[in-house]
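Here's the structure we're looking at; comments come further down.
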Amino acid sequence: MRSVQTTVVVKNGPDQAFTFEEVDLDGPRADEVLVRVVATGLCHTDLTVPTMLPPEMFPNVFGHEGAGVVEAVGSDVSGIAPGDHVLMSLRSCRSCPSCAAGHVGYCESSLLLNYMGMRMDGSTAYSRGGAPVLGSFFGQSSFSQHAIAYADNCVVVDASLDLTRLAPYGCGFMAGAGSVLNVLDLGPADSLVVYGVGAVGLAAVAAAAGAGVGTIVAVDVLPSRLEAAGQYGAVGVDPSALGDTSVVDAVKEATGGGATGAVDSTSVPAVLTDAARALAPRGTLVVLGLGAPEFAVDAIDLMQNGKIVRGSVEGDSDPLEMIPRMLALTASGAFDVDRLITPYRFDEINQAVADVASGAVVKPVLVW
Ligand SMILES: NC(=O)c1ccc[n+]([C@@H]2O[C@H](COP(=O)([O-])OP(=O)(O)OC[C@H]3O[C@@H](n4cnc5c(N)ncnc54)[C@H](O)[C@@H]3O)[C@@H](O)[C@H]2O)c1
Ligand SMILES: [Zn+2]
Ligand SMILES: [Zn+2]
């Protein structure tokens, strides 16, 4: 298939606003899927990654919670056909040791497949005036009207479902739900403390509420976010409203001695240090946030109390398995995340960025 002209939302430099441009998009290669994007969620990772890239990695197209309709598939693609409705998620090679063990988030080719801005052979799917425009972000770069994706990161969904309400299942909702359901595996006797209740943190709260976790505590600096967590039955802790009490003491009190499970989505070093301190003996902290390269951990506390501090990509989920599972949970009422979504037109993307930062909304979904 020949290349198509399409509109993308591009970043021309690390600190630049999102702008719209017309570009050429290659037709799908043998292993590729051409998707007409209907909606894409905005995840904090779309905002953080550009600030971490060198100037030579621009112009670049981000967006990694895409949902759309398949327009064409390459000759080697099976299981996906034109007309299918798909959600796009992270890529993996599906053959390295981690992938073979089902842990696709830790694929040995993950960086190349999701973050390098190009295909494995160094080519880019997008170009303007013959010059390359970087993309291939999470194998989709779905801040675009059309995206090139792959069978390993596309999940076919029921065509009767509204794609605008499904886009965030490809990353933000999956990272939160997977942390609780796959990594921590909590039950009624447990407590979960979520540090940072934006889209990822609230998805963790929603999954925990659905799983009947005994005590859920939300820590955030934005009152609107604590209120949203409270709607799932979570106890809110606002660090600025504690007076002489520390966050660690407030969390220990709310959980009856410490969290058996905790999730951090703030990536603020001091918050991570407190989160490890406020674990119960043998409790586990899951580090999800992207940003802080380092934080301090009390090694004696860690050793004496058998605590675990570990990271996770997408809550250790395989999107091909986890997305259908989350959709079934939502349908049964056990993963109530639809209320977190606010649709925006794609041309309102810079407003959506401002609104998520202020706490006015939780999960913007951009719609063409
Ligand atoms: N590991 C993964 O697979 C994965 C997947 C998706 C997102 N992420 C990362 O998770 C993080 C959260 O993403 P999001 O889209 O939910 O972002 P978000 O901006 O919606 O949420 C972050 C929340 O943290 C709160 N916060 C900030 N500083 C705080 C502090 N000092 N104390 C308490 N709360 C504080 C904010 O008020 C906000 O509610 C980002 O770093 C993102 O890159 C990781
Ligand atoms: Zn792999
Ligand atoms: Zn994301």
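No value in this document is a laboratory result; all are computed from the given coordinates. The structure presented is a predicted model; accordingly, all values stated were derived computationally and were not measured. Positions of Cβ are generated from backbone atoms using ideal geometry, with glycine treated the same way; all protein chains shown enter the neighbour counts.
Under the √(5λ) rule applied to the eigenvalues of the Cα gyration tensor, what semi-axes describe the equivalent ellipsoid of segment 195-332? Give them in Å, descending. Before the final figure, lay out the partial values.
Details: eigenvalues 112, 68, 41 Å².
Working from the Cα gyration tensor, I get semi-axes of 24, 18, 14 Å.
What share of the DSSP beta bridges in the chain is antiparallel, in percent to the nearest 5?
Details: 36 of 63 bridges.
That works out to approximately 55 percent antiparallel.
I'd like the distance separating the alpha-carbon centroids of segment 18-44 and segment 76-95, in whole Å.
Cα centres, segment 18-44 to segment 76-95: 14 Å.
Going 7 Å from the Cα of Asp76 along its beta-carbon direction, which residues of segment 82-126 have the amide nitrogen within less than 13 Å of the resulting point?
Of the residues in segment 82-126, 93-95, 120-121 have backbone N under 13 Å from the label point off Asp76.
Under the 0.36 nm per residue contour assumption, what length would be gained going from the current alpha-carbon distance of Gln351 and Ala299 to full extension? Don't skip to the answer; put the middle values down first.
On the way: separation 52, 0.36 × 52 = 18.72 nm, distance 4.28 nm.
Going from the current span to full extension adds 14.4 nm.
Over its Cα atoms, what ratio of radius of gyration to 2.2 N^0.38 Å does the chain give?
On the way: Rg = 20.3 Å, N = 368, 2.2 N^0.38 = 20.8 Å.
Relative to the 2.2 N^0.38 Å estimate, the chain comes out at 0.98.
Using a Gaussian network model on the chain with a 10 Å cutoff between Cα atoms, which of Tyr169, Tyr150, Tyr115 fluctuates the most?
Judging by the Gaussian network model, the answer is Tyr115.
Which number comes out as Rg/Rh for segment 179-265 once both Rg and the Kirkwood Rh are worked out on C-alpha atoms? Intermediate values should be presented prior to the final figure.
Details: Rg = 11.6 Å, Rh = 12.4 Å.
On the Cα set of segment 179-265, Rg over Rh gives 0.93.
Over the chain, with a Gaussian network built from C-alpha contacts below 10 Å, which listed residue (Val104, Val247, Val337) shows the highest mean-square fluctuation?
Taking springs between Cα atoms under 10 Å, the residue moving most is Val247.
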